[in-house]
Amino acid sequence: MSGSRLDPWVDSYAERAHGMAASEIRALFAVASRPEVVSLAGGMPFVQALNLDIVADCIHRLISQRGAQALQYGSGQGDVTLREQILDVMEPVGVSAHPDDIVVTTGSQMALDLVTRVFCDPGDVVLVEAPSYVGALGVFRAYQCDVEHVAMDDEGLIPSALEDAITRVRASGRKVKMIYTIPSFHNPAGVTQGGARRAQNLQIAQRAGILVLEDDPYGLLGFEGETPRAMRADDPDGVIYLGSFSKTIASGLRVGWAVAPHGVREKLVLAAESAVLCPSNFSQLTVSEYLATQPWREQIKVFRELYRERRDALLDSMAAVMPTGTSWTTPAGGFYSWVTLPGGLDATAMLPRALAALVAYVPGTGFYVDGQGRQNLRLSYCYPEPDRIREGVRRLASVVEAELDLTATFGTARGLHESAGTGVPAPDIR
Amino acid sequence: MLAGGLSPEREVSLRSGRRVAEALRTCDASIEVTEVDVDGALIDRISAHPPACIIPLLHGAAGEDGALRDVLQALGLPFIGSSAAAARLAFDKPITKTIIEKAGIATPLAIALPHSTFRELGATGVLDAVVSSLGLPIIVKPTKGGSALGAAVVREAAELPAAMVGAFAYSDVTLMERLVTGTEIAVSVYESHGVAISLPPVEIVPPHGIYDYNARYTAGLTEFFIPARLSQAVLDECAAVALLAHRSLGLRDWSRTDLIVDTGGTPWFLEVNAAPGMTETSLFPQSLTAAGISLGELTGQLVRTAIERGA
């Protein structure tokens, strides 16, 4: 006799869907969207800094002048004018290409999906930083890749660790298909690979004959010094570059792109057509109109200054109030700082206490596939105003103090309870 | 319909609220349902446009601990469900267990302690005493809250400190309860014209034997049997326990009692919910369906009863 499982298709799901379960941690993030909570969890760009009247004008002009085109299907590879404009956008990071080398996608997340789809069979190994972007980990898992983390330091991916990982994986008889890296203003680690470090890592990849997947959504959002040169700029044949307008214009438009060697690009276009036929013409032409008529470089400066001020608010307030023994990275751009808790505290076990104190963060375990990161958490400073960030850090400091007190009592900082499923908030959680 | 709030069970509550609101709209066009989150604007909002009745489907503190119901009573607004005083008793697991025990119902031996006790007396000594009194395995859970958040089964004494850390993240007081193994059962109760009626007991068979958050809210993971695969005599006993719990705590309109039936056929009371979950995977709606009762019709009937009853 069998009972009801409340889902008649439970035995029909593909193997890759088996990890898709409700998660206690993810459910807790529902509270983070409430205005009382200072959310240092989500990585939502502060789109309010855009002049929305100007965006409205762009869209109005687009529809009144090219509405029939904007509302029609378009090319699977993306609008050719936008692809030409993307070349200008990539100029500061040193990527030069032909418009035909570019594939426009629904956010760079889709480009990640397409690249993985065309390269990875189940069991293929993808090397990623430790920690790594949770959205990429989700894609690699969905295609049943084996993900191996490679250690980082304050300058990002460590070359010797990368070499060791390649040797170790190959010795185990497995195939390394890609090295996935976020060299500039890393999510979640907040660190940046210097020029020499990039060159070393690139040489290792070249020697090993392994493709590099360079994810660069934050490259133009540096707070000081020169814009970091993309790895793709020095190896067009060995690097697929992923770019995005989510942080430089608006994430809601969902426009990103991949720059790939021509053979790869052809496959990406075919894969894109099978997934979505074509990226949204409306979104692409909105971006194109904006780039053509607005001082977009100036707007990026506005974003940079805004995020720099918020980073300073975060770092200064952490220095002032976080308990001794807490450490964190100092991002030179982007959205995130990576915090290491004192006394072996468990950021996952501590999260309910933080939410009760009306502050939210993302526990570090969400950025690993192998259970590492319990002592870490990611703080985002991109969305809350500086005063709210300071208040959030004050609340977090009290939570850490209380957790240290609990740890002192029980002699352990680890919670017993484990949650399956993703331990990070949905993208629209503040 | 009040749902959401700031509790860790916010998402569950929003899903419960949406489900009941839709059921009500579908079956009774004469009732206009508005779904409202609980925040600082709530009192102004309901004072400006007082509803005929409120359905509080908040889970976790504030919603289930009686506090919000006290406010509704103070505002003179009729609402579905238990009074503030009864909800307060049902929300506090140690107090509930004391009342249930006095009513003659078996409930597993348990000890509830605040963090301060461990800090002052030393955790090692206190935990040793707990293990020696309760034995192993033990289930550790926050004394307040639901959806198994912060709960963990401890089979070795060495795991106990970590389980305590997990539970104290949710509540200032932690309940350590002797784990009774057997068949996990939920019995829902509703009232019709003031008479409490039990619904068919649901047997819960979670994956790996643990009915945790994932098992509760991922459709397909847990298997349910309605009625439970127990003898009629035991099923009747479970229903009697749920009805007695409902009455002993002074609950009203609806409730759900969670039990374990041991191998000897004895139902052990674990806890009772004054605001039972109403999501797609929740137990109360499953029991209603098995009994051929529409969730919308029942809610509509309870709304009318609450309006007649007044504040």
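Structure data summary
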| quantity | calculated |
| --- | --- |
| On Cα atoms only, tilt of B:295-309 relative to the major axis of chain B in degrees | 70 degrees |
| Bins of 10 Å from zero: percent of alpha-carbon pairs in segment B:147-291 | 11, 39, 36, 12, 1, 0 |
| Chain B: most fluctuating residue of B:19, B:155, B:216 per GNM, C-alpha cutoff 10 Å | B:155 |
| Helix-derived mean residue ellipticity, 222 nm - over the protein assembly as shown, DSSP H n ≥ 4, -39500 (n - 2.57), to 500 | -12500 deg cm²/dmol |
| Cα-based shape type of segment B:10-80, given that a ≥ b ≥ c are square roots of the gyration tensor eigenvalues and the cut on a/c is 1.5 | oblate |
| Square roots of 5 times each gyration tensor eigenvalue, C-alpha, chain A, largest first, Å | 33, 27, 23 |
| Mean projection area, nm², convex hull over Cα of segment B:50-195 | 10.7 nm² |
| Sorted peptide list for A:357-368, A:76-87, A:305-316, B:120-131, criterion being average Cβ within 10 angstrom, highest first | A:357-368, A:76-87, A:305-316, B:120-131 |
| Cα shape, segment A:93-165, gyration tensor, a/c 1.5 rule | oblate |
| Percent RCO, i.e. relative contact order, over chain A, from Cα pairs under 8 Å lying at least 6 residues apart | 26 percent |
| Shielding by partners, peptide A:28-35 (average Cβ within 10 angstrom, other chains) | 5 |
| Taking all pairs of distinct alpha-carbon atoms in segment B:110-178, Kirkwood radius in angstrom | 11.6 Å |
| Globularity ratio of chain B, using Cα Rg and 2.2 N^0.38 Å | 0.99 |
| Taking segment B:10-80 and dividing mean pair separation by its residue count, relative contact order in percent (alpha carbons under 8 Å, at least six apart) | 32 percent |
| Paired Rg and Dmax values of segment A:69-293, which use every Cα atom, in angstrom | 16.7, 54 |
| Point-to-point label distance, residue A:10-residue A:385, nm (Cα→Cβ direction, 7 Å offset) | 4.9 nm |
| Listed residues B:53, B:27, B:238, most fluctuating in chain B (Gaussian network, C-alpha, under 10 Å) | B:27 |
| Over segment A:297-430, relative contact order from alpha-carbon pairs under 8 Å, at least 6 apart, % | 29 percent |
| Segment A:30-127: C-alpha gyration tensor shape, a/c 1.5 cut-off, then a/b vs b/c | oblate |
| Qualifying GluC sites (Glu not before Pro) in segment A:176-256, DSSP loop, other Cβ atoms within 10 Å at most 12 | A:224, A:226 |
| Radius ratio Rg over Rh of segment A:347-415, counting only Cα atoms, Kirkwood formula for Rh | 0.99 |
| Lysine pairs in the protein assembly as shown with Cα atoms under 23 Å, if 8 or more residues apart or on separate chains | 10 |
| Shielding of A:18-25 by partner chains, average beta-carbon count, 10 Å | 5 |
| Overall Cα dimensions of the protein assembly as shown, principal axis frame, Å, largest first | 80, 62, 54 |
| 10 Å Cβ neighbours from other chains, averaged over peptide B:276-285 | 1 |
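Any read-out appearing in this document is the output of simple, stated calculations on the displayed coordinates, not a laboratory observation. Everything quoted here is computed from the prediction, not taken from an experiment. Neighbour counts run over all protein chains shown; Cβ positions are idealised from the backbone, glycine included.
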